[in-house]
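Single-structure report; data block below.
The values are calculated or read from the model by the stated rules, or taken from the named source; none is laboratory data. Note that the structure is predicted; figures quoted are calculated from it, not measured. Glycine also receives a Cβ, built like all others from the backbone with ideal geometry; neighbour counts cover every protein chain displayed.
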Amino acid sequence: MNTKRILVVDDDQRIRELLTKYFTEQGFEVFQSEDGQSLTEKVQKNSIDLVILDYMMPNENGQAALQKLRTAQNLTPVIMLTAKQEEIDKILMLEFGADDYITKPFNPRELMARINAILRRSGQNEIGNNKEHAKVNFGDFVVDSKTRQLFKHGLEQSLTTSEFELLWILVSRPERVLTRDNLMEMTRGRRNEAFDRVIDVQISRLRKIIEENPEQPKHIRTIWGKGYVFYPNIKQTIDSEYQTAWVKK
């Protein structure tokens, strides 16, 4: 099995050294950087499997570095480190393409659990191993769980590891109500924390990609007080038990 490569980007040398020592002991090959400049180049040059990226850094902060990485169509998983407690800051990290975030101070073991969960998702998919169920069509889209790609009219759509995982969970469980806790456990292996908007933000990002009108979604529908439901056929009749609960949001 190939050794996974992690890039730790943080201006605090103590954190870089701590994480390098810990991840090395866990069997990873670790690279370091003290700033976010040239992040895309470093990720490509060293064939990085996952990035740990600090939010607050001099010269160029983590948000700007992440934006450049995603603008370059590089979907390498990124976990943001942040000392910020405001919900809006965490939402922005996800909207700019982070796969997850963890708030400082943090336990390296918790960060390790997040890393392992993301690497498992990016490296395998149990449904995708069955060739009979590798592809699902809905609307103008095709989801290929084996290659972990989404296509619209044959053109690949850009999705992060976490976004694809969430989409596949919804697509492979059509017409089933999935709560935020369900989705959090299935995508991240943990319960939804208080005020945690990870799922809501990524649902919003998916809607911008697959819905004709994200403000009036037809495929990913909100069931107020319950969660979300995926409908592959936008012309189908909504089940009567959902008819009063569904709203166009």
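Descriptive notes on the structure:
- Inspection of region 82-90 finds a residue satisfying the criterion of being modelled with pLDDT of 85 or more, not assigned by TED's automatic domain parsing to the domain that holds Gln149 and not aromatic (Phe, Trp, Tyr).
- Applying the condition of being touching a strand residue (DSSP E or B) at 6+ places or on another chain (Cβ under 7 Å) and among the charged types (D, E, K, R) to region 212-249 and asking which residue is modelled with the highest pLDDT yields Arg221.
- Residues being under 23 Å from the mean Cα position of the chain (by Cα), in a loop (DSSP other than H, G, I, E, B) and free of Cβ contacts under 8 Å to residues at least 40 places away in the same chain - total across region 6-34: 1
- Conditions (1) free of Cβ contacts under 8 Å to residues at least 24 places away in the same chain; (2) under 27 Å from Ser158 (Cα atoms); number of the one not met by Ile79: (1)
- Note on region 107-159: enclosed strands (runs of 3 or more DSSP E) holding 2 or more residues that are among the aliphatic types (A, V, I, L, M) and modelled with pLDDT of 85 or more are 141-144.
- Boolean, Gly97 is part of a loop (DSSP other than H, G, I, E, B), buried (at least 20 other Cβ atoms within 10 Å of the Cβ), touching a residue at least 40 places away in the same chain (Cβ under 8 Å) and not assigned by TED's automatic domain parsing to the domain that holds Thr160: yes
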